[in-house]
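I have placed the structure first, in the form of C-alpha cells, so that the comments after it can refer back to it.
Throughout, read-outs are computed from the coordinates displayed, never taken from laboratory work. From a predicted model like this one, the values you see are computed outputs, not experimental measurements. Here the Cβ is made from the backbone with ideal geometry for all residues, glycine too, and neighbour counts use every protein chain on show.
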Amino acid sequence: MTWRTAYALDDFRNETNARWPGRSKASDGTIGDARHQAESTSDHNPFVVVGGRGVVRAMDVTADGIDAAWLAEHMRQLGAAGDPRLRDRGYVIFNRRITTSDFSGWKAYYGSNPHIKHIHVSFGRTAFDNRGGWNISSAPQASHVAHASLTIAGPAVSQALAKDQWNLTDTGFPTANDGVDGPSTQAAARAFQSAAGLTVDGIVGPATRAALRKVPPISQMNARSVQRSLAVDHGWRVEVDGVWGPHSKSILRQFQAEKGLVVDGVFGPATWTALFTRSR
Ligand SMILES: [Zn+2]
C-alpha cells in the first residue's frame, strides 16, 4: 500500500527544522523499519487508511542538536491543553519516560529502546490531518518548568527498583511503580523492613531485596485462598474478598501469634505450612 505522513506530522517536522536549521537527523524516522513493522500497532506503520492510502502518524526526532527535553515537554503541554492533533491515543516518549494517556504528566517507560537519542511523537487517531502551527519556533524555552525533570540528568529511573516496588506492593506494602526512589517507596520499604526484622532505613539494599524475593507475593498465592483458609480452616473473622489490606494482615499476625510463629505479618515458609497443612 502506498503511504504518506500525517499533515500534523509534516507541520511539526517543518517547524522543528525551522527552529534548529542545522540539527542532526541521524535518528529521524517516520515509516517503520523492520523492527517497527513487526509490531503491527506501531504508529510508524500506516495502518490508518485515508482515501486508500496509509497514513504514518509517528515521528522520531533526533535529540542531538536540539533542546530535546524542552521539545518533548512542549508537546506534552499541548496535549494536556487538549490539542486535538495529539488527543485520542497520541503520546510522546523521551529519555525513559512516556506521557500519561491524558498528557497530564510523565511516567516511566520500560520499552527496550530508552529513547535517549530521539523523541518519539505519536499523533492521535482522529485529528492527525488537521493543519496548524505547533508554536515551536516562537515559544520561549524557559517557560517550561518541568523541562528539567526530562533532561538526561533527571531523577534516575531503575528497572530493578521498579521490580522491588512491584514486590513491595504485592507483599502488602503498596508504593508507586515508577522506578524512582521517592518518599512513598522509602516509606513502604521502611514498613516492610520493620515487618521482616531488617534494619529499618528505607533503602532497598541487597538484604531487603533478598528478603522481598523470598516472600511469596500475595497475588501469586492468591489473597482469596489465604483469606479462605484463615476463615474456613482456622476460624478467623476475615473477609474473603481477595483484597490483602490492613485487616487481613492484622489477622495473619494474630494467626502467627496463636501458632507460636514469628509475628511479622509476612508469609515465610513456616506461616505457609501452618496455614495450609491440615492437622488431623
Ligand atoms: Zn518511534
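Our note on the geometry: Cα centres of segment 167-209 and segment 107-140, 35 Å apart.
Normalising the average separation of contacting C-alpha pairs (under 8 angstrom, six or more residues apart) by the number of residues puts the relative contact order of segment 3-150 at 29 percent. The simple Förster model, with R0 at 25 Å and r as the Cβ-Cβ distance, assigns A81 and I203 a FRET efficiency of 0.05.
Mind checking the full-extension length gain between S24 and A160? Use 0.36 nm per residue of separation minus the Cα-Cα distance, one decimal, nm.
Numbers: separation 136, 0.36 × 136 = 48.96 nm, distance 3.31 nm.
Difference between extended and current length: 45.7 nm.
Between E15 and Q186, the FRET efficiency from the beta-carbon distance, with R0 = 25 Å, is close to 0.05.
Fewest-first ordering of F94, F103 by other beta carbons within 10 Å of each residue's beta carbon gives F103, F94. Spin-label model, S225 to R213: label points 7 Å out along the Cα-to-beta-carbon direction sit 2.4 nm apart.
Near R85, within a Cβ-to-Cβ distance under 11 Å, what is the net charge of the other residues, with Lys and Arg +1 and Asp and Glu -1? Let's see the in-between values first.
Values: positive: R57, R87, R125, R131; negative: D11, D83, D88, D129.
The answer is 0.
Here each label is just a point 7 Å from Cα along the line to Cβ, and for W236 and Q254 those points are 0.9 nm apart. Here each label is just a point 7 Å from Cα along the line to Cβ, and for S112 and T126 those points are 3.4 nm apart.
Rounded if a/c is under 1.5, else prolate if a/b beats b/c, else oblate: with a ≥ b ≥ c from the C-alpha gyration tensor eigenvalues square-rooted, which is segment 3-150? It comes out rounded by the Cα gyration axes.
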